[in-house]
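Every number in this text was worked out from the coordinates using simple rules, so none of it is lab data. As the structure is a prediction and not an experimental result, all values here were calculated from the model. Cβ: placed from backbone, ideal geometry, glycine included. Neighbour counts: every protein chain shown.
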Amino acid sequence: MKPPLAFTFALALVAPGCAPPPTTTVVLDNDYSPSATPPLVVYQAYWQSVLFDDGGIPAGASSGALSTVPCSANTAYVVLAPGWTPGSATRPTSFVVLQSRGAGFGVSLGDTLHIPVNDETFLGNCDAGSFLSAEQAQFITQQVFPNDFAAFTYDPATCVATPIADAGADSKPGGGP
């Protein structure tokens, strides 16, 4: 059934004047110093339902704006790769796992949220004297970034990711009990 001609004409008059819906976005800002040795590169990050995995964010740089939906405070998770070269074909071999402090980050409809990745807004950087609990580290490595940590165990007390093949191999020849 066709709509009445008057309705179609009225819709045609209104449609060109419709404003596009507001865009809500999120940007990740790597606030670590580019002159740090080694530089702390954001390898991956996750906030709400947004995964930042575009090849790494160098220290002092920001991600592109990614689309999101408005929300109240949500926790953000970050995997740093100290000394890794963003965009490299080689995977990092060193990781530092971070979780946002406090209530997390929120964004209103039509706004852009900037998430600053640094030691004031995130915990878990052992070099800064900030540590995750074993439960927090396990959640991040096994639930948030399971593919990146499938071959590693992560110790939040030292911020060391050990390849699983090497874990416990120092006890006896052959790695047996």
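Electrostatic tally near Ala65: other residues with Cβ closer than 12 Å to its Cβ, Lys and Arg +1, Asp and Glu -1, net -3.
Here, P(r) means the percent of Cα pairs in each 10 Å bin from 0 to the largest distance; for region 84-168 it is 16, 41, 32, 10, 1, 0.
Size descriptor for region 20-175, Kirkwood hydrodynamic radius: 16.3 Å (Cα pairs only, one decimal).
Projected over every direction and averaged, the convex hull enclosing the alpha-carbon atoms of region 32-86 yields 3.9 nm². Net charge of the neighbourhood of Gln99, taken over other residues with C-beta under 14 Å away and scored Lys/Arg +1, Asp/Glu -1, is -2. Less than 5 angstrom separates the built amide H of Leu28 from those of Ser63, Ile115, all sequence-distant by 5 or more or on a different chain.
Just report the Cα centroid separation between region 136-162 and region 85-129, whole Å. So the two Cα centres are separated by 15 Å.
Just to confirm a number: summing +1 for Lys and Arg and -1 for Asp and Glu over residues other than Val117 whose beta-carbon lies under 14 angstrom from that of Val117, what do you get? With Lys, Arg at +1 and Asp, Glu at -1, the net is -3.
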